[in-house]
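Asker: This is the structure, below, for whatever I ask next.
The values are calculated or read from the model by the stated rules, or taken from the named source; none is laboratory data. Please read these numbers as outputs of a predicted model, since none were measured by experiment. Heads up, the Cβs are rebuilt from the backbone with ideal geometry, glycines too, and the neighbour counts pull from every protein chain shown. Protein only, heavy atoms only, side chains kept; ligands, DNA and RNA dropped before computing areas. Shrake-Rupley method; radii C 1.70, N 1.55, O 1.52, S 1.80 Å.
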There are 2 protein chains.
Amino acid sequence: MNILISNGIILPMNAPDGDNAYFNGYIGIENERIAFVSADSLQADEFMAKHTGDCTQIDATGKIVMPGLINTHTHVAMALLRGISDDVPLMEWLEQHIWPIEGKMGYKEVYDGARLGMLEMMMGGTTTLVDMYPYEEAVAEAAESTGIRAVVCPCPMDFRMEHFENDWRAVKKRFSDSRLVTMMMGPHAIYTLSDNNLQRSISLSGELGVGSHVHLAETKTEQDNCMVQHGMSPTEYLEKEGLFSTKTLAAHCVVMSDHDIEILARHKVSVAHNPQSNMKLASGIAPVKKMMDAGVNVAIGTDGASSNNDLDMWEEMRTASLLQKLATMDPCSIPAYTALQMATVNGAKAIGREGELGILAPGALADILLVNLEKPHLYPHTNLVSELVYSAHSEDVDTVIINGRIVVENRRCLTMNAQEVCQTAQKHIDRLMSK
Amino acid sequence: MNILISNGIILPMNAPDGDNAYFNGYIGIENERIAFVSADSLQADEFMAKHTGDCTQIDATGKIVMPGLINTHTHVAMALLRGISDDVPLMEWLEQHIWPIEGKMGYKEVYDGARLGMLEMMMGGTTTLVDMYPYEEAVAEAAESTGIRAVVCPCPMDFRMEHFENDWRAVKKRFSDSRLVTMMMGPHAIYTLSDNNLQRSISLSGELGVGSHVHLAETKTEQDNCMVQHGMSPTEYLEKEGLFSTKTLAAHCVVMSDHDIEILARHKVSVAHNPQSNMKLASGIAPVKKMMDAGVNVAIGTDGASSNNDLDMWEEMRTASLLQKLATMDPCSIPAYTALQMATVNGAKAIGREGELGILAPGALADILLVNLEKPHLYPHTNLVSELVYSAHSEDVDTVIINGRIVVENRRCLTMNAQEVCQTAQKHIDRLMSK
């Protein structure tokens with residue numbers, strides 16, 4: 001399919017900063033990739049002429065046209081667990097509420113929970129998610145069925161290594177040729193993995209030629225226990241174990257020394273920053289500004305919906321910026337354009353797809369949003385970058401294209417029956433909680 | 001006009017905590033007040049019989065019915081300045097960007113800016129705002145024209161006392177009989193008011209029989225300067241000056257000692273907490289939990305849209321809860337129901353209208369929201385209080401009733417032409433910035 005987007009305000013995310021970051025123009029899409037991005041209507045005319053009778057036209061008047069958002073850390077199927085337990089201490093949350101329900105979740109629950117989370121994400125302009133959970137095969141199947149791009153990370157944990165081995169084999173077998181699904185290894189965390197099982201994950205990363213996605217330094221407890229057990233920080237420990245020899249995306253990185261940050265920078269480890277989850281679980285504030293200043297690539301994630309409680313990248317961008325201004329006591333920290341970069345280009349870099357995702361450029365994959373600016377909370381228009389980060393809501397996303405396919409149009413999801421997806425999720429959780 | 005709301009999930013905000021906070025039921029409205037709130041359909045039948053032929057029916061199936069949100073600190077006309085300056089140091093923000101534009105704003109600009117902000121607020125479920133700005137007469141007129149409830153606070157500041165004197169006289173004259181507009185004095189802050197002018201405000205408060213709304217302890221600079229100038233904290237200084245002999249609502253209260261908090265508690269001063277503005281301007285975290293534990297009534301405000309950058313009480317509730325969990329490193333701090341109380345009953349108390357606003361009860365004023373739960377980001381339904389605070393968006397507000405009048409219906413504002421309000425604001429800011 002070919003698509004021509006006309007008269008939009010194009011925000012390609014290739015400018016170095018927020019000055020001159022957008023212009024009025026056109027984008028042509030041929031099948032799954034962007035053919036051209038231009039301010040010149042002649043290019044649009046030529047594109048139309050080339051694809052006469054086989055080109056969908058989208059009028060983007062009054063709309064921002066920008067790359068899709070990349071959610072670099074989530075457990076999408078946890079949308080099923082939204083709200084089942086809030087405002088309780090972390091261990092009570094896990095042991096008495098989350099884990100007992102998760103223990104009852106199988107392939108079908110993960111699949112349907114993932115579809116609910118993906119519906120929410122797509123409606124809010126997330127076009128790629130990086131997921132870590134049991135039954136990543138189900139998450140991959142859900143991604144294919146909904147049309148969202150997913151990096152699925154089968155997740156080694158000591159107490160379910162057998163499940164993990166089956167899961168990664170199944171993903172590899174079924175989704176090797178997928179246009180939407182790619183894979184990373186998901187070694188869960190230092191506190192759930194023995195040295196042996198961590199090494200198994202590292203060796204599989206090498207064998208499969210994929211990177212690793214890990215929870216790292218989320219809490220002071222993790223740091224303290226690691227010091228007792230290994231006499232070093234979680235980051236130092238993972239360096240020693242060799243994880244960072246694989247291309248690594250580390251989620252959270254809240255409790256970080258200068259040495260830890262230096263290690264991440266040296267090994268080109270990317271960070272998935274999850275500000276709302278870190279606040280809700282009272283984990284702390286990740287030193288995002290400090291990490292970025294040290295040259296670390298920092299992207300954004302929502303974490304799962306049970307510790308957030310939504311999968312909304314707009315809120316996460318806004319919170320990332322506001323929280324860092326607070327942490328550094330500097331209102332200039334993480335300006336709006338930097339937050340947008342974190343959610344787009346930095347996300348692409350974090351999953352090894354720089355230049356191909358998170359950007360509007362010829363040859364890049366066509367993961368594109370249209371954001372409707374005709375909303376009272378976005379008026380008056382003075383600085384559109386600032387509007388997107390400090391004022392825009394998920395509901396302002398009007399149209400979403402993923403891999404060249406229109407998946408949301410005028411705020412209607414074309415790939416799912418929203419009501420059915422919601423009701424199916426409700427039935428699952430009602431059953432799981434009544435058992 | 002009489003209204004019957006049927007089959008809703010009623011959240012009256014009179015429960016002590018989130019357990020058993022809601023039930024399925026009916027609400028009857030006679031003119032501007034609530035006639036009954038009940039789970040019993042017989043009462044609904046009786047109400048219908050009593051008002052045959054003169055009763056609007058609203059089917060609230062699948063919707064939360066709750067009190068309207070009370071925004072206890074804003075400068076609503078600053079919606080006009082949204083986005084004109086972000087990510088810059090505070091004094092540069094004020095001196096180079098905000099003040100030069102504000103200096104050019106007159107009655108008409110404040111009126112139209114206020115209408116834009118009120119449109120955004122009403123669409124997001126805010127039914128009452130407490131406003132402080134020059135030309136509160138224009139804000140009062142805008143409130144009457146849009147149908148929102150407003151507490152307008154004419155604002156003494158040393159450099160424009162003459163303007164202030166005219167403003168409060170005009171408000172008093174024009175809006176004394178208003179059903180929507182009430183008045184408080186708005187002594188701006190200790191750093192913009194001489195002792196004399198502060199005393200003038202205090203004496204007018206007494207004369208008019210109204211309370212005071214003041215900026216207090218927003219930044220460390222304010223605290224430091226006050227120590228140098230007066231040898232005491234801003235809170236101690238205002239106590240000494242006698243401001244707290246008037247019923248006081250203090251906005252921000254970020255830099256607070258235990259003694260300051262004790263003073264607020266002793267004088268029953270209410271606090272308007274503005275978490276997103278305090279983050280964006282890098283002011284700090286108000287000790288909300290500590291103040292509440294000391295018995296201080298803490299409500300929520302958005303501040304102006306140029307330091308936020310929206311007027312969204314849902315985000316503000318969520319941020320208030322998450323930020324306090326972080327500040328106290330306790331995930332149990334400010335649970336969801338407490339955040340809802342802050343935005344409703346505590347707000348009513350802060351403006352001296354406890355029992356009349358912020359609550360659904362017979363005799364209370366009919367300021368009521370219907371929140372649509374049929375959204376992917378609100379599924380599955382497990383704990384509706386948690387959903388409202390941690391997952392709901394402004395856009396989930398479906399219908400808004402203020403003072404017994406339906407002002408928003410199915411997400412359409414009935415009292416304003418939204419497009420015209422937005423375009424008018426755009427014209428103003430384009431002109432103000434081009435001068």
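Asker: Between A:His97, A:Gly117, A:Gly68, whose Cα lies farthest towards the positive end of the dipole of segment A:62-132 when Lys and Arg beta carbons carry +1 and Asp and Glu beta carbons carry -1, centred on the Cα centre?
Answerer: A:Gly68
Asker: Using a probe radius of 1.4 Å on heavy atoms only, what accessible surface per residue do you get for segment A:36-98? Whole Å² is fine.
Answerer: With the other protein chains kept in place, segment A:36-98 gives 39 Å² per residue.
Asker: For the protein assembly as shown, compute Rg over Rh where Rg is the Cα radius of gyration and Rh is the Kirkwood radius from the inverse mean 1/r over Cα pairs.
Answerer: Rounded to two decimals, Rg over Rh is 0.97.
Asker: Just counting partner chain Cβ atoms within 10 Å, what average do the residues of peptide A:386-395 show around their Cβ?
Answerer: Going residue by residue through A:386-395 and averaging, the value is 6.
Asker: Could you check how much of the accessible area of the protein assembly as shown is carbon and sulfur, as a whole percent, using a 1.4 Å probe?
Answerer: 49 percent
Asker: Per the Kirkwood definition applied to all pairs of different Cα atoms, how many angstroms is the hydrodynamic radius of chain B?
Answerer: Numbers: mean 1/r = 0.0458 Å⁻¹.
About 21.8 Å for chain B.
Asker: Ok, one more. How far apart, in nm, are the 7 Å Cα→Cβ label points at A:Leu414 and A:Ile285?
Answerer: With each label placed 7 Å out from Cα toward Cβ, I get 4.3 nm.
Asker: Related question: Helix-only estimate, please: 222 nm mean residue ellipticity of chain B, summing -39500 (n - 2.57) across DSSP H runs of length 4 or more and dividing by its residues, to the nearest 500.
Answerer: -11000 deg cm²/dmol
Asker: Calculate, in nm to one decimal, what B:Glu32 and B:Met329 gain on full extension: separation in residues at 0.36 nm each, minus their alpha carbon distance.
Answerer: 102.6 nm
Asker: Quick check on packing: order B:61-74, A:99-112 by the mean number of other C-beta atoms within 10 Å, highest mean leading.
Answerer: Per-residue mean Cβ counts within 10 Å order the peptides as B:61-74, A:99-112.
Asker: Starting from a label point 7 Å past Cα on the Cβ side, list the distances from B:Ser245 to the same position in the other copies, nm, shortest first.
Answerer: Values, ascending and in nm: 7.8.
Asker: Convex hull over the Cα atoms of segment A:297-435, averaged projected area in nm²?
Answerer: 11.2 nm²
Asker: Still on this structure: Counting partner chain Cβ atoms within 10 Å of every residue's Cβ in A:320-329, what's the average?
Answerer: 5
Asker: Evaluate E = 1/(1 + (r/R0)^6) for A:Met161 and B:Asn196, where r is the Cβ-Cβ distance and R0 equals 51 Å; express this FRET efficiency to the nearest 0.05.
Answerer: 0.10
Asker: Can you give the accessible area of B:His267 in Å² (nearest 10), computed on protein heavy atoms with a 1.4 Å probe?
Answerer: 60 Å²
Asker: Compute the separation of the alpha-carbon centres of segment A:83-120 and segment B:195-240 and state it in Å as a whole number.
Answerer: Using only Cα atoms, the two centres lie 49 Å from each other.
Asker: Quick check: pseudo-label points 7 Å beyond the Cα along Cα→Cβ at A:Glu95 and A:Lys50, how many nm apart are they?
Answerer: Between A:Glu95 and A:Lys50, the simple spin-label model gives 6.2 nm.
Asker: Taking the Cα centre of chain B as origin, sum charge times position over the Cβ atoms of Lys and Arg (+1) and Asp and Glu (-1), and report the length of that vector in debye to the nearest 20.
Answerer: Once rounded to the nearest 20, the dipole reads 420 debye.
Asker: What's the average, rounded to a whole number, of partner chain beta-carbon atoms within 10 Å of each residue's beta-carbon in A:412-418?
Answerer: Details: counts 0, 1, 0, 0, 1, 0, 4.
Taking the mean over all residues of the peptide, I get 1.
Asker: Now for a different question. List the lysines whose Cα lies under 28 Å from the Cα of A:Lys172, skipping any in the same chain that are fewer than 8 positions away.
Answerer: Reachable lysines: A:Lys104, A:Lys108, A:Lys247, A:Lys268, A:Lys349.
Asker: If you don't mind, there's one more thing I want to ask. Please compute P(r) over all alpha-carbon pairs of segment B:54-113, binned at 10 Å starting from zero, and give each bin as a whole-number percent.
Answerer: The calculated distribution, bin by bin, is 16, 32, 19, 17, 13, 3.
Asker: Taking the alpha-carbon set of segment B:57-213, what are its Rg and Dmax in Å?
Answerer: 16.7, 56
Asker: On a 1.4 Å probe surface of the protein chains, which of A:Asp131, B:Asp258 comes out largest in accessible area, and what is the full order?
Answerer: Descending order: B:Asp258, A:Asp131.
Asker: Moving on. Explain nothing, just the number: dipole magnitude of segment B:276-384 about its Cα centre with +1 on each Lys and Arg Cβ and -1 on each Asp and Glu Cβ, in debye rounded to the nearest 20.
Answerer: Charge dipole of segment B:276-384: 260 debye, to the nearest 20.
Asker: Further question: Students sometimes get this wrong: rank A:Val296, B:Val255 by accessible area, probe 1.4 Å, all chains present, largest first.
Answerer: Result, largest first: B:Val255, A:Val296.
Asker: Cα to Cα, under 20 Å, and not fewer than 8 places away if on the same chain: which lysines meet these conditions relative to B:Lys325?
Answerer: A:Lys220, A:Lys280, A:Lys325, B:Lys280, B:Lys289, B:Lys290
Asker: How large is the accessible surface of A:Asp45 in square angstrom, using a 1.4 angstrom probe and rounding to the nearest 10?
Answerer: Its heavy atoms expose roughly 90 Å² to the probe.
Asker: Also, quick follow-up: Alpha carbon centre of segment A:320-365 versus segment A:126-141: separation in Å?
Answerer: 22 Å
Asker: Picking from B:Leu365, B:Gly28, A:Leu432, whose Cα lies most toward the positive end of the charge dipole for the protein assembly as shown (charges on Cβ: Lys, Arg +1; Asp, Glu -1)?
Answerer: It is B:Gly28, whose Cα lies furthest towards the positive end.
Asker: Just reorder A:Glu395, B:Glu356 by solvent-accessible area, largest first, 1.4 Å probe, all chains present.
Answerer: B:Glu356, A:Glu395
Asker: Okay, next question. Using a label point 7 Å beyond Cα on the Cα-Cβ vector, give me the inter-copy distances for B:Glu144 in nanometres, one decimal, shortest first.
Answerer: 6.6
Asker: How far is A:Lys268 from the same spot in each other copy, in nm, shortest first, if each label point sits 7 Å from Cα toward Cβ?
Answerer: Counterpart label points of A:Lys268 in the remaining copies fall at 6.6 nm.
Asker: If you don't mind, another one. Which single residue of chain A puts its beta carbon nearest to the axis of rotation relating A to B, and what distance, in whole Å, does that give?
Answerer: So the closest residue, with its distance, comes out as A:Glu395, 2.
Asker: At 7 Å along the Cα-to-beta-carbon direction for both B:Tyr107 and B:Glu354, put a label point, then send me their distance in nm to one decimal.
Answerer: About 3.9 nm separates the two model spin labels.
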